[in-house]
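Written out below as structure tokens is the structure these notes cover.
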Amino acid sequence: MDLKGIDLTSGVKRVVDKCLSWERLSEEDAVLLYREAPLFLLSQLALRVKRAISGNEIYYNKNFHIEPTNICTYNCKFCSYRKRASDKEAWDMSMEEISRYIDEHGNDAVTEVHLVGGVNPSHTLERYGQIIGMVKKKLPHVAVKGFSAIEHIYMIEKAGLGYKEGLKRLMECGMDTITGGGAEIFCDKIRSRICPDKPGTDKWLALHRAAHELGMKTNATMLYGHIEQIEDRVDHLAKLRALQDETDGFNAFIPLKYRNKNNSMSYLSECSIIEDLKTLAISRLFWDNVPHIKAYWPMYGKQITELALLFGADDIDGTVQDTTRIYTMAGVNDRAMDEEELRRMVVSAGFVPVERDTFYRKVGR
Ligand code: V47
Ligand code: SF4
């Protein structure tokens, strides 16, 4: 990379040298990149790492979500989705409704079903197992990505089991992996302000560790762009990187931009697109041992997703079929993309679209 004639601070030059010699970045390095590195440079550096992992390919999959309920015992201030049982916008699907829903959305082309919802205190681990089992029975060819760590922690503790034992029971019902949700931001001080009553960092990490020890690959998320500082984002990535060093169990990292409509933190503005792109690129550079960075299009919207491809993301998630309400309820307008549109987006950014399954194996049709 020829940086002659480009005005960079000595700190940035030092970190660029580390990147170019594939040296691991420290937390201080990552904070410095956030503060001092120009955006075009972050793009070049992150693309270099992305290309070493996935060449010119950008992955997508064919999936749909099932959100069985939005009734939740927790009260996350950023959540636009959660309702009380008495609210007219609350839902809690019966097993018959879930069955019809699977029939409506499932077909031979779908490779993944993403299950997630509120933590409904009237539900049980057994019911989670029944839902997973129903999906697997009707669509035996799909991978079931079942629920977030927060949902698992609640249901497993309620059943009086250890995390491994609880996850094992759901795996026996057909669960292949879990989602990366519920991580929010690992700084407990911030957590106590934005999601005060929900299980904390140690439990989230312990649940994923248990899944990894059972041989399961999982995803991880980070909710950013609210009241956290840059140092909190880097600390979050450092905790994930440290667990990955031990277990090698994470497949993908998904940075989630805080969207500000219809929730108790709506007084906050959303962060800039520049901040989104920096966060993607620095995640790619700092978390050096996570294979994939996902630019989740239902959360970014289509335009930011296109730009994300130039900042180290190598995955845009799936066809989704307009089956998630988490982001539409928080103000994102883009709801649907068919396969052709997903592929066109990738091609227009200069990459090769590749259909993958949940475990990043190429799908040959
Ligand atoms: O945990 C809720 C976030 C997550 C808002 O594993 C919000 O492949 C921004 O985890 N603004 C759920 N974010 C979604 C999730 C996910 C999404 C896509 C792929 C995968 C995967 C996982 O959504 C929650 C929370 O962090 N969230 N409200 C909001 N207003
Ligand atoms: Fe419940 Fe999840 Fe919303 Fe928090 S983010 S209130 S845990 S549905």
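The values are calculated or read from the model by the stated rules, or taken from the named source; none is laboratory data. Because the structure is predicted, anything quoted here is derived from the model rather than measured. Don't worry about glycine lacking a Cβ; one is built from the backbone with ideal geometry, like all the others, and counts go over all protein chains shown. In case anyone asks, the SASA skips ligands and DNA or RNA and just uses the protein heavy atoms, side chains included. Shrake-Rupley method; radii C 1.70, N 1.55, O 1.52, S 1.80 Å.
Laid out as a table, the results:
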| quantity | calculated |
| --- | --- |
| Restricting the range 54-80 to residues that are closer than 29 Å to residue 340 by Cβ, open to solvent by less than 30 Å² (accessible area, probe 1.4 Å) and outside any strand (DSSP E or B), the residue that is farthest from ligand 2 (Cβ to nearest atom) | 55 |
| Residues satisfying the stated conditions in the range 171-198, i.e. more than 11 Å from ligand 1 (Cβ to nearest atom), within 13 Å of residue 229 (Cα to Cα) and open to solvent by less than 20 Å² (accessible area, probe 1.4 Å) | 186, 190, 191 |
| Boolean, residue 365 is modelled with pLDDT under 95 and either more than 30 Å from residue 29 (Cβ to Cβ) or within 15 Å of ligand 1 (Cβ to nearest atom) (or both) | yes |
| Condition broken by residue 269, with the remaining ones in (1) within 23 Å of residue 66 (Cα to Cα); (2) more than 18 Å from the chain's Cα centre (by Cα); (3) open to solvent by 30 Å² or more (accessible area, probe 1.4 Å); (4) within 16 Å of ligand 1 (Cβ to nearest atom) satisfied | (1) |
| Test: residue in the range 340-359 that is open to solvent by less than 10 Å² (accessible area, probe 1.4 Å), within 13 Å of ligand 1 (Cβ to nearest atom) and assigned to a loop (DSSP other than H, G, I, E, B) | no |
| The range 81-117 - residue that is farther than 30 Å from residue 261 by Cβ and touching a residue at least 40 places away in the same chain (Cβ under 8 Å) and, of those, surrounded by the fewest Cβ atoms within 10 Å (Cβ to Cβ) | 109 |
| Yes/no for residue 59 being over 24 Å from residue 194 (Cα atoms), aromatic (Phe, Trp, Tyr) and at pLDDT 95 or above | yes |
| Some residue of the range 225-236 being of a type in the set (Gly, Ala, Ser), more than 9 Å from ligand 1 (Cβ to nearest atom) and open to solvent by less than 40 Å² (accessible area, probe 1.4 Å) | no |
| From 332, 290, 320, residue being within 14 Å of ligand 1 (Cβ to nearest atom) and open to solvent by 10 Å² or more (accessible area, probe 1.4 Å) | 332 |
| Residues (open to solvent by less than 10 Å² (accessible area, probe 1.4 Å) and either among the small types (Gly, Ala, Ser) or more than 23 Å from residue 137 (Cα to Cα) (or both)) located in the range 157-170 | 166 |
| Residue match in the range 330-344 (condition: among the polar types (S, T, N, Q) and more than 16 Å from ligand 2 (Cβ to nearest atom)) | yes |
| Answer from 155, 175, 171, 134 - the residue that is over 30 Å from residue 202 (Cβ atoms), outside any strand (DSSP E or B) and of a type in the set (A, V, I, L, M, F, W, C) | 134 |
| Contacts under 8 angstrom Cβ, first residue in the range 214-240 being modelled with pLDDT under 95 and aliphatic (A, V, I, L, M), partner open to solvent by 10 Å² or more (accessible area, probe 1.4 Å) and within 16 Å of ligand 2 (Cβ to nearest atom), 6 or more apart | none |
| Boolean, residue 324 is closer than 27 Å to residue 117 by Cα, of a type in the set (S, T, N, Q), within 16 Å of ligand 2 (Cβ to nearest atom) and touching a strand residue (DSSP E or B) at 6+ places or on another chain (Cβ under 9 Å) | yes |
| Members of the range 118-129 that are in a loop (DSSP other than H, G, I, E, B) and open to solvent by less than 20 Å² (accessible area, probe 1.4 Å) | 118, 119, 120, 123 |
